[in-house]
Amino acid sequence: TPEPKYIYSNCLLWDNIEDCLPFMSKGDFCKKYNLDDTDIFLYLPSQCGDATRGSAKKAYIKAATQSNTIVKLHPKEDFRLAAGRYDNKFSYELCGIDVTVLDPIDTHWAYKYADLAMSNQSSVSIEAMLYDLPFLYIPPPRFPWCNIFFQSSFQVSLGEFDDFIKNKEYKNKIENLKQFRDIILSDSNKKAVDLLTEQIKDLLV
């Protein structure tokens with residue numbers, strides 16, 4: 001039990017809320033990104049230098065070229081940080097593929113309407129979990145804190161990927177997600193803004 005309790009709060013950036021956003025229906029989302037009404041896949045590559053070589057590049061090409069897939073670029077790539085190191089090319093260009101890229105402002109709707117999120121190496125599986133969005137690592141690499149992220153995701157090798165998608169194994173339930181949310185959040189039953197408001201009131205009493 002943390003003491004004093006006001007030190008700990010949920011992450012404001014992780015709140016699954018949409019009342020502050022212009023509403024976008026699933027139909028409008030699909031129309032904007034030229035997706036059909038079958039299962040929607042979301043690929044989230046790591047930062048450019050890591051996503052465009054070795055097994056990460058193979059996973060990028062394999063997953064991002066699936067039909068009905070949209071790519072959410074790494075924030076560093078969206079902001080073009082260090083783009084000069086890569087001849088000002090985007091990660092998908094360096095991988096030699098043509099993809100549909102998500103506008104960052106639509107991230108909430110992508111997490112809400114996608115049926116599966118995928119990556120080779122990313123901590124974003126925690127964000128996906130807060131939306132009850134299944135997450136897949138392909139192939140699961142070893143990276144710092146990876147065992148934490150693997151608790152809330154599927155993992156397959158490149159060779160197993162096609163069967164995983166074909167058999168819709170991402171529809172299988174991952175156990176204990178509620179318990180895992182309770183580990184990474186101070187209170188998984190409250191919005192961060194509400195929890196923070198309570199904490200501020202306690203300080204003022």
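Points worth noting:
- Candidate residues Leu196, Leu204: accessible-area rank, largest first, probe 1.4 Å: Leu204, Leu196
- Cα gyration tensor shape for segment 149-205, rounded if a/c is under 1.5, else prolate or oblate: prolate
- Converting the Cα gyration tensor eigenvalues of segment 9-64 into ellipsoid dimensions via √(5λ) gives semi-axes, longest first, of 28, 21, 9 Å.
- Surface per residue (accessible, 1.4 Å probe) for segment 67-198, Å²: 52 Å²
- Solvent-accessible surface (1.4 angstrom probe) belonging to Thr197, in square angstrom, nearest 10: 60 Å²
- Spacing of the two label points (7 Å from each Cα toward its C-beta) at Ile17 and Leu203, in nm: 1.8 nm
- With the whole protein complex present, Cys20 retains an accessible surface near 100 Å², based on a 1.4 Å probe.
- Inverse of mean 1/r across different Cα pairs in segment 51-184, Kirkwood, Å: 15.6 Å
- Quotient of Cα Rg and 2.2 N^0.38 Å for segment 85-125, N being how many residues it contains: 1.39
- CD proxy at 222 nm, helix term only [per DSSP H run n ≥ 4: -39500 (n - 2.57); per residue of the chain; nearest 500]: -9500 deg cm²/dmol
- Checked against a 22 Å cut-off, the cross-linked pairs Lys32/Lys72; Lys32/Lys112; Lys31/Lys190; Lys62/Lys166; Lys32/Lys166; Lys31/Lys168 give Cα-Cα distances beyond that limit for Lys31/Lys190; Lys32/Lys166; Lys31/Lys168.
- Shape category assigned to segment 109-204 from the gyration tensor of Cα positions, a/c cut at 1.5: prolate
- Tensor-based shape of segment 1-95 (alpha-carbon gyration tensor, a/c under 1.5 rounded, otherwise prolate or oblate): oblate
- The charge dipole of segment 132-205, taken about its Cα centre with unit charges on the Cβ of Lys, Arg, Asp and Glu (plus for the first two, minus for the last two), comes to roughly 60 debye.
- Area accessible to solvent at Asp50, 1.4 Å probe radius, in Å²: 50 Å²
- Here the chain has 51 percent of its accessible surface on carbon and sulfur atoms, given a 1.4 Å probe and all protein chains in place.
The values are calculated or read from the model by the stated rules, or taken from the named source; none is laboratory data. Keep in mind it's a predicted model, so treat the numbers as computed, not measured. A quick note on method: Cβ atoms are made from the backbone with ideal geometry, for glycine too, and the neighbour counts reach across all protein chains shown. Surface areas here come from the heavy atoms of the whole protein model, side chains and all, with no ligands, DNA or RNA. Shrake-Rupley method; radii C 1.70, N 1.55, O 1.52, S 1.80 Å.
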